[in-house]
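What follows is a short report on a single structure.
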Amino acid sequence: MISRGVLLWLGLSVSAGCVTTSMQTPTVELHHGAYERVYDRVGDEVSDDRGSRRYVLDRLRTGVAALDAGRVGAAEGYFDQVYDLLRTQGLNADRTVASVVLTEGVKIWKGEPFEQALGIAYFGITRGVQGSWDNVRAASAASLFYLRDFAGKSSASSDAPRPGADGYWTIQDASLGLTSAAQDADGGLDEVMAGGYVAERSDFTLGYLLHGAASLQLGERAEGRAYLAAATAVDPRLRSVARTIERGQYNALLVVGYGIGPVKQAYGPAESLTRFAPMTPSGDQMLVVEVDGREVGRYPVVLDVNRMASDHRWNSLEDVRQAKAVLGEVALYTGLVAGAIAIENRDENAAIVAGAALLTSAIMTASARADVAYCDLFPQRFYVAPITVPYPGANVWVRLSGLPRAYREVGVVPNPPPGYGASLVYTRVPTFGDLAPKKTPAP
Amino acid sequence: MRGLRWVNRTGRRAAALRLGPGLGLCLALAWALGLGGCASPGTTRVQIEDYQEIAAKMSLSLRDAPAVVGRSPSSPQWVVSMAGLENRSTEVLTEAERWYVLAKVRAAQPIDALWDDRRIRFVIPPERRSLLRQSQPEEFATDDFGGALGPDRGVTHTLDATLRTVTRAQDRHRTDLFLIEFQLLDLRSGEPVWLDRFEFKRAAAGFLWD
């Protein structure tokens, strides 16, 4: 007969698989643009335990906070660690059945697809602020690849941009071997290497725009045009922005975040399901850019994180992982208990009863604990504004039309001369204005 | 620079459990099945060892290049400024990684010996040296990165490097082919005096989302 102690141990082990640590979102500081304080707060919460479920999440949050605060070097370090683990395949694969036995069933948080795409894009933006357009290109490509990987499809969609017609290569079927891809290319491996990218049907417009801008900065004109075309295909409102980028009529590319991204909530029976609910409401307010008090342009929303988070293509993975873990646990414990009883007592009925009981218990225990860990520091939306800064130290402000308290001075914006490429600048517009603005905003 | 290594530690706690023979047998069976069905997590991201291997190969290739072999200790001095690794791949590199491979090339013995044998000196730009020392202090703390450059710098050549990738991915499997191209450029003529490229593959199994 199996002992009560063993049953208790099993039950506790199941429970250990779904630990959720509470997370304090610095909402007030975010709304008021006190990004240094945000950085200090979330930085204090970073765990160095590589086995911690929050290892990636802590670094993603702190990376975002660091970039918001203008600490670019620190942000690079955090995003590098995030990227390293996001690029690690099967990180949680051995944390299902085997590791549960040893009460190590806590899955490493890798986030929903939209959180991963944003995390990688943030890494690229950070490298862009550091003047590295080639890494903006690489990160943008990675953020676009990810949707394909999540969807489990290997081929590009029929309406995705196909630059192959003008000499660029699209690997249309990932099942193609490297050798066959190289043989099919007119120029062999060199040509594949030179233009080898996959344009996937993702609607991650921020990734497309940044990829397009980066490719053009690197002199890859056809590639850049293809990605800009992909952005406008997803959202025609971006045509004007894409045209300005394509023509190179700017010397600073502003990437601007606004608001606070959606909050992950548990709901349903025993709060077993999750959903993302808007914190900052979605809106179509234009980003207004002013240089020395003069409006130089208005720019539409490029990416609405609320919308991404509510799109099933972008938000289902944590549930999948959780379900996978539960199934693994259930299978394990059912098998263990039934097997143990059958062996020790030669009692088939007892094995069935005990197995069924534990199965029910495991399902109930697990389903009662939806995992609501998420990156709570993302902006609600992003803008991309290609502008011309006339001289170093020009007074650049950004604000949102119709939202009088949403404004921010951008700070020092490098202004490379024509022919020397553009700078990339990131800033985040607070909902209620800077706590201590350096100057009054332009009217 | 990255240093994460994920180790399956599942083997350590089993010995501490005291179980009946039946339950123990089932545990062992389930454990074995679980371990057998799951590959260790992996990544196709470039690792430090990849850069080190490329640096070793590249340094030998450059040492044996015709333009270099024909030189002697009495030849006019070449000062080669090393530009960072240009990233045309789909892999994001940190600023330290961008310079790491070139720092390893410069420190390689065949390259180091070129100064005495061929009057060729490779230098890392001063503004990058502190970055390398910070990122890999155990490797570069005492490295002078080719020595100081005078006000006129005296640079005669540049060494450029470009990283490219092709990715093949399907289901659980992903393979990345990396290609690093090197080019030694004569600044007076604008002509390359040596170029070579080196490939390596990295493969990993497992769902990227998991």
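The values are calculated or read from the model by the stated rules, or taken from the named source; none is laboratory data. Keep in mind it's a predicted model, so treat the numbers as computed, not measured. Here the Cβ is made from the backbone with ideal geometry for all residues, glycine too, and neighbour counts use every protein chain on show.
Laid out as a table, the results:
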| read-out | value |
| --- | --- |
| Test: residue in region A:256-269 that is more than 30 Å from A:ASP371 (Cβ to Cβ) and among the aromatic types (Phe, Trp, Tyr) | no |
| A:VAL64 vs. criteria modelled with pLDDT under 80 and not charged (D, E, K, R) | no |
| Every residue from region A:53-89 that is in a loop (DSSP other than H, G, I, E, B) and away from chain B (no Cβ under 11 Å) | A:ARG53, A:ARG54, A:ALA69, A:GLY70, A:ARG71 |
| Hits in region B:198-210 - residues which are in contact (Cβ under 8 Å) with a residue 24 or more places away in the chain, more than 7 Å from chain A (Cβ to nearest Cβ) and not aromatic (Phe, Trp, Tyr) | B:LYS201, B:ARG202, B:ALA203 |
| Entirely in region A:168-251, the helices (runs of 4 or more DSSP H) that have 2 or more residues that are at pLDDT 50 or above and either under 24 Å from the mean Cα position of the chain (by Cα) or over 13 Å from A:LEU144 (Cα atoms) (or both) | A:205-217, A:221-234, A:239-247 |
| Complete set of residues in region B:158-197 that are in contact with a helix residue (DSSP H, G or I) (Cβ under 9 Å, 6 or more places away or on another chain) and aliphatic (A, V, I, L, M) | B:LEU159, B:ALA161, B:LEU163, B:VAL166, B:ALA169, B:LEU177, B:LEU179, B:ILE180, B:LEU184, B:VAL193 |
| Sole exception among (1) over 29 Å from B:GLY70 (Cα atoms); (2) at pLDDT 70 or above for B:ARG128, by number | (2) |
| Residue in region A:30-50 that is at pLDDT 85 or above, within 13 Å of chain B (Cβ to nearest Cβ) and under 30 Å from A:VAL412 (Cα atoms) present | no |
| Among the candidates B:LEU159, B:LEU184, B:LEU195, residue that is within 14 Å of chain A (Cβ to nearest Cβ) and modelled with pLDDT of 75 or more | B:LEU195 |
| Residues that are of a type in the set (Phe, Trp, Tyr) and either part of a strand (DSSP E or B) or touching a Ser or Thr at 6+ places or on another chain (Cβ under 8 Å) (or both), drawn from region B:158-210 | B:PHE178, B:PHE182, B:TRP194, B:PHE198, B:PHE200 |
| Subset tally (residues that are surrounded by fewer than 22 Cβ atoms within 10 Å (Cβ to Cβ) and either modelled with pLDDT of 85 or more or more than 10 Å from every other protein chain (Cβ to nearest Cβ) (or both)) for region A:130-150 | 3 |
| Tally of residues being closer than 19 Å to B:PRO125 by Cα and either of a type outside the set (A, V, I, L, M, F, W, C) or surrounded by fewer than 23 Cβ atoms within 10 Å (Cβ to Cβ) (or both) across region B:86-102 | 8 |
| Strands (runs of 3 or more DSSP E) lying entirely in region A:252-314 (those with 2 or more residues that are surrounded by fewer than 18 Cβ atoms within 10 Å (Cβ to Cβ)) | A:263-267, A:273-277, A:294-299 |
| Counted residues, region B:86-129 - those being free of Cβ contacts under 8 Å to residues at least 24 places away in the same chain, assigned to a loop (DSSP other than H, G, I, E, B) and either touching a strand residue (DSSP E or B) at 6+ places or on another chain (Cβ under 9 Å) or of a type outside the set (A, V, I, L, M, F, W, C) (or both) | 0 |
